[in-house]
1. Let's test the formula: R0 of 35 Å, r as the Cβ-Cβ distance of Leu48 and Ala115. What FRET efficiency results, to the nearest 0.05?
2. What ranking of Val154, Val143, Val111 emerges when the number of other C-beta atoms within 10 Å of each C-beta is taken as an exposure proxy, fewest first?
3. Multiplying the sequence separation of Leu92 and Lys155 by 0.36 nm and subtracting their Cα-Cα distance, what value in nm do you get?
4. Using the basic label-point model (7 angstrom from Cα toward the beta carbon), what is the Ala41 to Lys65 distance in nanometres?
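Just so it is clear, none of the values below were taken in a lab; they were calculated from the coordinates. Bear in mind the structure is a predicted one, so any value in this text is a computation, not a measurement. Please note: Cβ atoms are built from the backbone with ideal geometry, for glycine as well, and neighbour counts cover all protein chains shown.
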Amino acid sequence: MTHTVNDRPAAAPRVQNPITGPVIPSSASDHRSTAELVKLAAEQISTLVRDELKLAQVELARKGKRAGVGVGMFGGAGVVALYGVGALLTALIIGLAAVMPAWLSALIVGVVLLAVAGVLALLGKSQVSKAGPPVPEDAVASVKADIDTITHSVKNGGQR
């Protein structure tokens, strides 16, 4: 049942209970003062903001972890590429020093290491692109929905 200020009786009769004190009639207890409503709204907004911040924190941690894995794979690709360059340089040195089949084996090892580095780089790029932008999209959408709900509620006079 919705009441307005004008529906409330001017002075609700109070009944005195000898043990507990004055008893407020049920029709008068349904009404809250403006101060109580403002306090309740402030508490609810505070809780809402805290919950939205927690959501943003969880979302950013998840995206940061995914980006961290991708960056780690990029680092691994760099190390493997370094070994590949080392093997290719060894192959070049061996090939120039003595035109023997030893350089061919070093060349094969270097090419394989570089291929592994290429695969790791592609996997790292894939992980970083899956992480998306470092914006807590779910939390932002939730806050926008909350603002729309509050705006709609204010425009409709507090009715749902």
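1. Given R0 = 35 Å and the Cβ-Cβ separation, E is 0.10.
2. Val154, Val111, Val143
3. My answer for the length gained is 14.9 nm.
4. Roughly 3.9 nm, to one decimal.
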